[in-house]
Structures are given as structure tokens and as C-alpha cells.
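Just so it is clear, none of the values below were taken in a lab; they were calculated from the coordinates. As the structure is a computational prediction, the values presented were derived from the model and not from experiment. Reconstructed Cβ throughout: ideal geometry from the backbone, glycine too, with neighbour counts over all protein chains shown.
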Amino acid sequence: MLELLVFSLLNGLVTGLLLFMLSSGLTLILSMMGVLNFAHASFYMLGAYFAYTISGYLGFWTALVVAPILVGLLGALVERYGLRHVHRFGHVAELIFTFGLAFLIEEVVQFFWGKATKDYHEPAILQFPLFTLFGQNFPAYKAFMILVSMSIFIALFVVLTRSRIGLIIQAAITHPQTVANLGHNVPLIFTLVFGVGSALAGLAGVIAGPALGTFPGMAFVLGTIVFVVIVVGGLGSLPGAFFASLLIGWLQTFAIAFDVSVNDGLRIVGITFDADHALRDLWTLRLPQVAPVLPYVLLIVILIFRPAGLMGRRET
């Protein structure tokens, strides 16, 4: 039991921090520009595919640096020559634009790289168990994923709260006209923020590709969960996205690890049903079967009892 608990905590931490790295870029874009970017997970996919190609020629470590930069530049171009012109038509136009962009990127990926899963692996230097506990190995690459994700969180937090750049960005969120009057190029700030947010998604793809697989549907696998994270954490809240990512990562990991039925869980709290009950098939479902649904259940609960999210601010 202790073994299951420890490794569930570790695996949930890996999953949660990966979700944070992906959602942090979307949180920046949303808080800065008010754009709910449906194509954000597609930039995550591009990061994995760019890294796969670059690592074949120059190695994983070069791809770790170059691929996010390429994705960030592509994101900046999308904002400068696409979203900036669409923005004046309102949020609906932005949603349609990014929704169409997501499909376009997926088609481009399939055109250039095909539909098969790519043979993209972690570097040989990290292909060893970091430690062995209760007879099970914890891969060094998962520890590397934790280290990169935590570094991103610390760096973002310091830049946004302790640096002059962060102060300008936060001021541009709430008072763009004032920031412009002080001589700062607000449209350029928007472009840079969108580029950095896209680069963070690309970085998540670079490190997640070897662990979760690099295939055309990888954007869809995590894309919807990312929106759950930012809503649960609070729209535009970076700390909220961090804690919501960990919460959802652990929720899914523990649900998969503990193979009990819904009926067993209800019996613990004193609720029982007859064997011929109309919903008997529902109660026989096991927790790993319902694990993919749990984040959305959490989303509904949060929206009912705390619509602003865990660390969001209620609009007045």
C-alpha cells in the first residue's frame, strides 16, 4: 500500500507539472490578451515534432533549446499577422480563428511527418533508474521532467512579480493605454507574450514527446485537460494553474492506481444499493475506468461552488 501511495504521488507530480508547463503559456496569453487560444495544444504538438526532427540531426539537448524557440517564433507570427487583425472583431472571431488554426496545424503535421507514431526517445544519458524503491524503479527522465517544470514555474513567478519586465506586462494587462502613454509598445508586448506562451507549450512538447508518445493526436489528448486546468485554477492566475495542474495530475493518477469499484467507494461512506437496482451497471464501474472523466467532474463542481476558480478573482 505504501509503495502504491509513493509512486502514485511521484507519477501524479510528473503529470501535474507537465500540465502546468502546457497551461502556463495559455494562462499568460489569456491573462494578457483575453484570448482563449484553442490552438495552444497544437503548439505543444509542434514542439514534439520539431524536437524529433532536430534531435535526429543535432541531438536531444540541441532540440530542447531550438524547438521551443521555433515554436515561439511561429506563435509570434500568428499573433502579429493573424490574431492582431482578428482581435477587432471580438472574442468569437478569435475563437474561430484559433479553432481553425488547430485543425490546420494538425493537417500540416500529418502532411510532413505522416500519421504514424514517431520513434522519439529520451536521451541515452537519462535512460537509467534514478532510484529503486519497494522493488520499483523511478526513471531519471521523469525526474528531469519535474526539474524542468519546476524551473519554469520559478522563473515565470520571479519574472512576473520581481522584475521590471513583469511589472510592465502586468500593467499592460489592466491599463494598456497608460502603458502606451509611458512609451511602451503594447502591441509588441502582446506579440512577445503570445510567442513566449507558445514557446512554453513547445517546451512541454519537447519533454513530453519521449514519455507520452509523438503522434498527430497528441494535441487532442491534453488539449481539453489544459482548459480544465485554467478554469479550475482561475482564469489568468499562474499560481492557480500550478495548483490545479497538480490537483488534476494526482486525481487521475490515484484513480488509475486504486482499482476499486464505484460501489466499493460508496460502501465506505455507508451507501449501498440492491443487486437488482436500475443503476447497478454504473456502480460496478471501476475507478480506473472513470479516471478520464474525473477532471471534468471537478470542473463542474468548481463552476458550481467557486465560479472564479481556486485562485481566480471574481469580476465585479
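Pull out a ≥ b ≥ c, the square roots of the eigenvalues of the alpha-carbon gyration tensor of region 1-64, then state rounded if a/c is under 1.5, prolate if not and a/b is larger than b/c, and oblate in the remaining case.
oblate
Please give the contour-minus-distance gain from Val108 to Leu130: 0.36 nm per residue of separation, less the Cα-Cα distance, rounded to one decimal in nm.
Using 0.36 nm per residue and subtracting the Cα-Cα distance, I get 4.2 nm.
How far apart, in nanometres, would the label points at Tyr296 and Leu160 be if each is projected 7 angstrom from Cα along the Cα-to-Cβ direction?
Between Tyr296 and Leu160, the label points sit 2.8 nm apart.
Rank the residues Met32, Met150, Met145, Met311 as a footprinting-exposure proxy: fewest other Cβ atoms within 10 Å of their Cβ go first.
Fewest to most other Cβ atoms nearby, the residues stand as Met150, Met311, Met32, Met145.
Which distance in nm do the two modelled labels at Leu9 and Arg88 give, with both placed 7 Å along the Cα-to-Cβ direction?
Placing both labels 7 Å along Cα→Cβ, they lie 5.6 nm apart.
Where the centre of each part is set by its Cα atoms, how far does region 1-60 sit from region 126-147, in angstrom?
19
Given a cut-off of under 8 Å on Cα pairs at least six residues apart, what relative contact order in percent is computed for region 5-95?
It rounds to 23 percent for region 5-95.
Once you treat every alpha carbon in the chain as an equal point and sum by Debye, what is log10 I(q)/I(0) at q = 0.16 Å⁻¹?
Reported log10 I(q)/I(0), two decimals: -1.38.
When Val86, Val221 are ordered from fewest to most other Cβ atoms inside 10 Å of their Cβ, what list results?
Fewest-to-most Cβ neighbours within 10 Å comes out as Val221, Val86.
So for Leu247, Leu182, Leu73, fewest C-beta neighbours within 10 Å to most, what's the order?
Leu182, Leu73, Leu247
Using only Cα atoms and rounding to the nearest 10 degrees, what angle (0 to 90) does helix 91-113 make with the longest principal axis of the chain?
Long axis of 91-113 versus the principal axis of the chain: about 80 degrees.
Any idea what the relative contact order of the chain is, in percent, if you count C-alpha pairs under 8 Å spaced at least 6 apart?
32 percent.
P(r) tail for region 5-143, what percent of Cα pairs lie past 23 Å?
Counting pairs separated by more than 23 Å, the tail of P(r) holds 48 percent.
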